[in-house]
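Trainee: Have a look at the structure that comes next, please.
The values are calculated or read from the model by the stated rules, or taken from the named source; none is laboratory data. Given the structure is predicted, the values throughout are model-derived calculations rather than measurements. For neighbour counting, all protein chains shown are included, and Cβ atoms are generated from backbone atoms with ideal geometry for every residue, glycine included.
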Amino acid sequence: MNRRDVLKRIGIVSAAVIATPSVLSILNSCTTEPKLWTPKFLSIPEGQLLTKLVDVFLPKTELPSATELNVPEFIDRYINEIFLTKDQQRFKVAYENVLLKLENESKKEINDIEAKDIQLFLDEHLKVKDEVDIERENNLNLEGLTTSECLNALKDLCILAYLTTEKIGEEILAYDPVPGKYYCGDLQELTQGKSRSLDYSSFSHFNLE
C-alpha cells in the first residue's frame with residue numbers, strides 16, 4: 001500500500017493536537033519557502049534536524065514531503081505560540097538531548113547527518129505502543145521527556161500538520177467544505193473509504209505530562 005492509500009485510510013491515529021481555529025491559523029500562515037525558513041523557537045541546528053526528521057516520517061513519494069508542505073515551520077510556531085512556558089522548557093531540554101544523542105551515535109554533525117542516520121536512530125529510540133521505553137523504566141521520576149517521548153510528540157505533530165494542510169485535506173482525504181450537511185447512505189461509499197478531512201474528534205490532545 002502506498003502512502004496515498006495509507007493517508008486515505010487513516011482512522012484513529014495518535015495525533016498531537018486538535019485542529020482548532022488557532023492551529024489552522026498557524027498552519028495557513030506557514031508559507032515560507034522551506035530553504036529560507038528560520039526557526040522562531042528552535043535553534044538553527046535544531047531546525048535543521050527537524051527538517052530532516054519530518055522528511056523521514058513523511059518523505060516525498062507521489063505526494064509532497066512534509067517539508068514541502070511547511071510542516072517544520074508549523075511545528076516550530078506551534079511550540080512557540082501554543083505551548084505553555086513550562087512545556088516549552090521541558091520540550092527544549094528533551095529535543096536538545098535528541099540532537100546531541102543523534103550526533104554522538106552517528107558520529108556526524110547535523111549538517112552531515114543523512115536520512116539513513118535518522119532512520120537508524122528512530123529504529124533504536126522511537127518506541128511504539130506496547131514497546132518498553134527503557135529510559136522511562138530506568139527513571140520513573142523523570143519530570144521531563146524521554147528521547148522516545150520527544151520523538152513521538154514530534155511525529156504526532158508532523159502527522160497532524162500534514163493531514164491538515166489544504167493539499168492533503170482537499171485532494172487526499174474526504175473533504176466537505178460545508179460542515180453539518182446531512183448525507184444518507186453507506187459511509188464507506190460516501191467517502192470512498194477515506195477519512196474525513198479536518199475531522200479530528202477521535203484524536204488525542206497533546207499532553208506533555
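Trainee: Would you check if there is a residue in region 90-100 being loosely packed, with under 10 Cβ neighbours inside 10 Å, touching a residue at least 40 places away in the same chain (Cβ under 8 Å), of a type in the set (S, T, N, Q) and within 25 Å of Thr67 (Cα to Cα)? Write out each step before concluding.
Mentor: Let us first name the residues in region 90-100 that are loosely packed, with under 10 Cβ neighbours inside 10 Å, namely none.
There is no residue in region 90-100 that is loosely packed, with under 10 Cβ neighbours inside 10 Å, touching a residue at least 40 places away in the same chain (Cβ under 8 Å), of a type in the set (S, T, N, Q) and within 25 Å of Thr67 (Cα to Cα).
Trainee: All but one of (1) farther than 28 Å from Lys52 by Cβ; (2) of a type in the set (Ser, Thr, Tyr); (3) at pLDDT 50 or above hold for Thr164, so report the exception by its number.
Mentor: (1)
Trainee: Further, regarding this structure: What residue, among those in region 111-136 that are in a loop (DSSP other than H, G, I, E, B) and of a type outside the set (A, V, I, L, M, F, W, C), is surrounded by the most Cβ atoms within 10 Å (Cβ to Cβ)?
Mentor: Among them, the one singled out is Lys127.
Trainee: Which condition number in (1) touching an Asp or Glu at 6+ places or on another chain (Cβ under 7 Å); (2) farther than 27 Å from Leu24 by Cα is the one that Glu137 fails?
Mentor: (1)
Trainee: Could you list, ordered by first residue, the pairs with Cβ atoms under 6 Å in which the first is in region 158-178 and among the polar types (S, T, N, Q) and the second is modelled with pLDDT of 70 or more, at least 6 apart or interchain?
Mentor: Final answer for the pair search is Thr164/Leu27; Thr165/Leu69.
Trainee: Of these, Glu109, Glu96, Glu81, which one is under 13 Å from Cys150 (Cα atoms) and of a type outside the set (Phe, Trp, Tyr)?
Mentor: Glu96
Trainee: Kindly indicate the residue of region 137-150 that is touching a residue at least 40 places away in the same chain (Cβ under 8 Å) and not in a loop (DSSP other than H, G, I, E, B) and also farthest from Asn97 (Cα to Cα) among those meeting that condition. It would help to see each step written out before you state the result.
Mentor: Here is the first cut: in region 137-150, the residues touching a residue at least 40 places away in the same chain (Cβ under 8 Å) are 143-147, 149-150.
Still in the list and also not in a loop (DSSP other than H, G, I, E, B): 147, 149-150.
Values: Thr147: 7, Glu149: 12, Cys150: 10 Å.
Here the answer is Glu149.
Trainee: Within region 101-120, can you find the residues that are touching a residue at least 40 places away in the same chain (Cβ under 8 Å), under 27 Å from Leu142 (Cβ atoms) and among the hydrophobic types (A, V, I, L, M, F, W, C)?
Mentor: Leu102, Ile110, Ile113, Ile118
Trainee: Which one of Val56, Val71, Val6, Val23 is among the hydrophobic types (A, V, I, L, M, F, W, C), at pLDDT below 90 and either exposed (fewer than 14 other Cβ atoms within 10 Å of the Cβ) or in contact with a helix residue (DSSP H, G or I) (Cβ under 6 Å, 6 or more places away or on another chain) (or both)?
Mentor: Val6
Trainee: Right, something else. Among the listed residues Thr61, Thr85, identify the single one that is of a type in the set (Val, Ile, Thr) and touching a Lys or Arg at 6+ places or on another chain (Cβ under 6 Å).
Mentor: The match here is Thr61.
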